[in-house]
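Here's the structure we're looking at; comments come further down.
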């Protein structure tokens, strides 16, 4: 996983502007792609984008899921939710279960760079938890 500073990291994100919500959606997708995540489909009633990465672990099928709050080409508006990352494990016929210990929440406030950095740190925490047998 890598985090690269960008030219407009100092700019303050304004959730009331559709253009800012679209830009943040692009920045989230760029970061997830650069970290090896892939688009995993849509979740929930609003068809929020889900991004996933498999965790390299021999004992169980685990992955990190990121609920992006991206609907269409922009993140949702103010106060509706945050970006969330969690570790899941495949339980065969029972489907995926989420670790109760690791669920990160990334608030979409402040500078673009700060939001991206918080997301990056959350991804690292979730991935490391997926490697840890004690998480389950």
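No value in this document is a laboratory result; all are computed from the given coordinates. These numbers come from a predicted model, not from an experiment. No Cβ is skipped: glycine too gets one built from the backbone with ideal geometry, and neighbour counts run over all protein chains shown.
Tabulated results
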{"item": "Pair residue 19, residue 131: separation of 7 Å Cα→Cβ label points (nm)", "result": "4.2 nm"}
{"item": "Distance in nm between pseudo-label sites at residue 61 and residue 26 (7 Å out along the Cβ direction from Cα)", "result": "3.6 nm"}
{"item": "Net length gained if the chain between residue 54 and residue 8 were fully extended (0.36 nm per residue, minus Cα distance)", "result": "13.5 nm"}
{"item": "Label point distance in nm, residue 43-residue 105, each placed 7 Å from Cα along Cα→Cβ", "result": "1.6 nm"}
